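What follows is a set of notes on a single structure, which appears directly below.
Rule-based calculations on the coordinates, nothing more; no lab input. Every value quoted in this text rests on a predicted model; they were computed, and no experiment measured them. In this analysis, Cβ positions are derived from the backbone assuming ideal geometry, glycine residues included, and neighbour counts consider all displayed protein chains.
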Amino acid sequence: NEPTDGANVPPGYAHKLGDLFHSDTQIVNPPKYYPYLSANLTPRLGQSYLGFAQAMQNRRKVALVGSNDGFLHAFDAGAFNRDTVNYPNTFDLGTGQEIFAYAPTFASQLPGTLIKFQEFSSLLNFPPKSPPNYFVDGGSSTGDVYVDNSASPNPALRVWRTEMVGTLRQGGQYLYALDVTQPDGSGNAPVNSP
């Protein structure tokens, strides 16, 4: 087995991803919600949706999926003009490389969390323990929203963002939300650009 953590010692573990049971994959594409574009939706005191869509038109495509290893995983699903030979001036097919993994903060608040996460180590064994533990096991959805993400809400700070909301299904009765406007921290525009 090749190390999963880039180190020689400890050697990592054989599993690169927990099982995907009930979770569905969401692809974060550049903003293009037609009803907002056709109406050139421009909330009071804010940027137009068209301006947001133009600023983010070349952001990386990302596949998001929750798994029973306790994380929401984000994988490269295509970058604009990265492969100029086969896909000039468009998105390539992506590398499938993991960009990040996110563990929802619900874990510290679940009843019996300590017991549940003591079982987390069983995910490192092969074959995995039966019956399985469920963590980030539910469906999810993404959408473009006009929000203020600051700690003290202020209408003047509202901007267009792409948000992802996920569920846990058998992992617990909680929801989590994540700002995925620029899932890999890059893009052609700063995070808060018009």
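With K and R counted +1 and D and E -1, the other residues having a Cβ less than 9 Å from that of Pro31 yield a net charge of +1. Counted by Cβ distance under 14 Å from Asn81, the other residues give a net charge of +2, where Lys and Arg count +1 and Asp and Glu count -1. Taken along the Cα-to-beta-carbon direction at a fixed 7 Å, the label points for Leu37 and Thr95 span 2.8 nm.
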